[in-house]
Every structure is written in C-alpha cells, then in structure tokens.
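The numbers here are math on the coordinates, done by the rules we state, and not lab data. Quick caveat, the model's predicted, so the values are computed rather than measured. Here the Cβ positions follow ideal geometry from the backbone for every residue, glycine too, while neighbour counts run over all protein chains shown.
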Amino acid sequence: MSNYELSEEEKQILQKHKKLAEQAKEKERLFWIDEYHNYSIDNKVKYWVANIHHGMRMQGGATNDPYSEFSEEWYEYVKSKENDFDFIFGEVVPRLGIDFNWDEYHRRIKKSI
C-alpha cells in the first residue's frame, strides 16, 4: 500500500459517512414534504423562531455577527421551502426577544423594501 491509497478500513469509514449523509439528506427532504407541509401557521412560526434564534445565536458566538446567519442564498432556500416566508418571518421577529435590525437583514438577503 502506497502513501496515497486508502486502507480498506478508511474506505469503509468513508462509505459509512457517505451513507449517513445520504440518509440525513433524505430525512430532511421527507421533513419538508411530509411534516412541515402539514404544520399550522402557528407551528410554522414556532419552527422558524427556534431555527432563526438558534442560527443567530450560533453565528453571533462564532463570528460576533448574528446577522451572518442571513444571506441571499439562505433567503432563496427558505423561500423554496416556504412560499409565505416573508409573512411568517414578520411573525417570527417579535418572538426572537431581540431588537431586530430589519435594514441589516434586508441588506444581507439583498431584498429591497
């Protein structure tokens, strides 16, 4: 075995990680189709409150910039999952418990108001 070949054990580990990643991707796909789709508006708001709060907290801790959670790509992704995201997000922000900077948010997602 040369220095550039993977051992059988390493190949098995990589295969296992690939399988786990594929399973996670399928689980996420099914969540959006089977579960989220059936949420009430109130449960959708609760889902996004938890998601946004967690993301802003993690980004704030990692980068000292909680608004780095938001980007044009992120916005396109959430809009692809939730057509009424703008309305729902308007319900989410007051529940975040922070003085939310709408101008910064719009700048990050590159959306004109």
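Observations, loosely collected:
- Contact order for the chain, expressed relative to its length and based on alpha carbon pairs under 8 Å spaced 6+ residues apart, stands at 24 percent.
- Annotation for H37 and R107: the two label points, set 7 Å from Cα along the Cα-Cβ direction, are 3.9 nm apart.
- Between D84 and E9, the simple label model (points 7 Å from Cα in the Cβ direction) yields a spacing of 5.4 nm.
- Listed peptides 16-29, 86-99 by packing density, highest first (mean Cβ within 10 Å): 86-99, 16-29
- Pairs from K25/K110; K25/K81; K27/K111; K81/K111; K27/K81 whose Cα-Cα separation, in the structure shown, is over 21 Å: K25/K110; K27/K111
- The chain, helix-only ellipticity at 222 nm - DSSP H runs n ≥ 4, -39,500 (n - 2.57), divided by all residues, nearest 500: -20500 deg cm²/dmol
- Taken along its three principal axes, the alpha carbon spread of segment 40-113 comes to 34, 25, 19 Å, from the longest extent down to the shortest.
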